[in-house]
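Here the structure is laid out as structure tokens; the discussion comes afterwards.
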Amino acid sequence: MGGYGSGRPSYKQKAEDYRSLDVNRFHREGCLNPGRQGNWVWSRDGEETGRIGYKAEEGRLVLNYRVRAYGGDWEPITETINLTHVDCHYGRKRPYFRCPGVVNGRHCGRRVGKLFSGGRYFLCRHCYNIGYSSQSEARYDRMLRRANKLRIALGGEPGTAHWIAPKPKGMWERTYQRKRREIEWCENQADHLFLRKFAHLFSPEEREMYFGEG
């Protein structure tokens with residue numbers, strides 16, 4: 001696993017499978033204010049699945065928790081995560097974590113919005129070689145997912161078997177037409193990409209019909 005002084009795995013893990021710390025959530029709930037301390041709790045379906053202690057100090061967040069590897073004894077961990085801020089519009093500042101990871105002898109220090117519990121420490125997804133499920137999707141699946149999201153936003157049903165919903169009340173006509181065009185473009189792209197992927201299964205006549213190829 002990635003971590004202090006260790007290398008990274010060669011396979012891609014999924015971010016959705018790991019507990020994470022979101023700097024924006026900490027900021028919204030006031031947990032980054034110096035002097036603030038307490039417990040950060042994860043839950044699923046109303047049931048607590050884990051918690052860690054935290055204390056906010058000037059320019060950093062200190063975590064306290066326990067880990068157990070391969071069924072061994074619980075080990076207490078204290079991890080310090082530095083914070084940085086970037087100027088935004090209207091004089092505001094946006095906070096970021098500085099990843100404390102050391103991978104293959106090199107300090108990470110990336111400015112990130114999330115850290116993941118992929119091992120002993122909370123590190124960025126680059127240190128743990130973590131990706132998101134959507135990154136492993138076929139491109140035609142991503143196109144369909146995008147189209148379905150737009151269909152639902154218009155008040156319709158997902159899937160090409162359904163009509164695109166009529167313009168919602170209060171929406172500009174040009175906005176509605178732009179979303180319609182985007183839905184149609186995404187679904188056409190998905191069809192084309194899907195056919196291309198499986199073109200080797202088609203007969204010469206079918207390839208000529210779909211792609212203009214003999």
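The values are calculated or read from the model by the stated rules, or taken from the named source; none is laboratory data. Computed from a prediction, not measured in an experiment: that's the story for all the values here. For neighbour counting, all protein chains shown are included, and Cβ atoms are generated from backbone atoms with ideal geometry for every residue, glycine included. These area figures cover heavy atoms from the full protein model, side chains too; ligands, DNA and RNA do not enter into them. Shrake-Rupley method; radii C 1.70, N 1.55, O 1.52, S 1.80 Å.
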- Note on the structure: Counting sequence-distant residues (5 or more places) and residues on other chains, those with an amide H built under 5 Å from that of V67 are E75, I77
- Hey, rough spin-label estimate for R94 and T175, points 7 angstrom out along Cα→Cβ, what's it come to in nanometres? 2.2
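In Å², and per residue, what accessible area does the range 45-192 have when probed at 1.4 Å with the other protein chains present? Before the final figure, lay out each step's value.
Working: 9620 Å² over 148 residues.
Spelled out: the 1.4 Å probe surface of the range 45-192, per residue, equals 65 Å².
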- Query: To the nearest 10 square angstrom, what accessible area does H85 show with a 1.4 Å probe?
  - Reply: 100
- Counting other Cβ atoms within 10 Å of each Cβ, which trypsin sites (Lys or Arg not before Pro) in the range 149-178 have at most 15 and sit in a DSSP loop? K169
- Amide H partners (placed H, <5 Å) of G156, local residues excluded: A165
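Counting other Cβ atoms within 10 Å of each Cβ, which chymotrypsin sites (Phe, Trp or Tyr not before Pro) in the range 60-91 have at most 10 and sit in a DSSP loop?
Values: sites: Y65, Y70, W74, Y90; in loops: Y70, W74.
Of the chymotrypsin sites (Phe, Trp or Tyr not before Pro), the ones in loops of the range 60-91 whose Cβ has at most 10 other Cβ atoms within 10 Å are Y70, W74.
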- Item | Residue order for W163, W185 - accessible surface, 1.4 angstrom probe, largest first | W163, W185
- When the solvent-accessible surface of protein heavy atoms is calculated with a 1.4 angstrom probe, in what order do L61, L83 fall, highest first? L83, L61
- Task: Can you send over the carbon and sulfur percentage of the accessible area for the range 44-171, probe radius 1.4 Å, protein chains only?
- Result: 46
- Gain on full stretching of the segment that runs from E75 to S43 - 0.36 nm per residue minus C-alpha separation: 9.3 nm
- Task: Convert each backbone phi in the range 152-164 into a coupling constant with the Karplus relation 6.51 cos²θ - 1.76 cosθ + 1.60 (shift: θ = phi - 60°), then list the ³J(HN,Hα) values in order as whole Hz, x for Gly and Pro.
- Result: 5, 4, 7, x, x, 9, x, x, 6, 6, 10, 5, 5
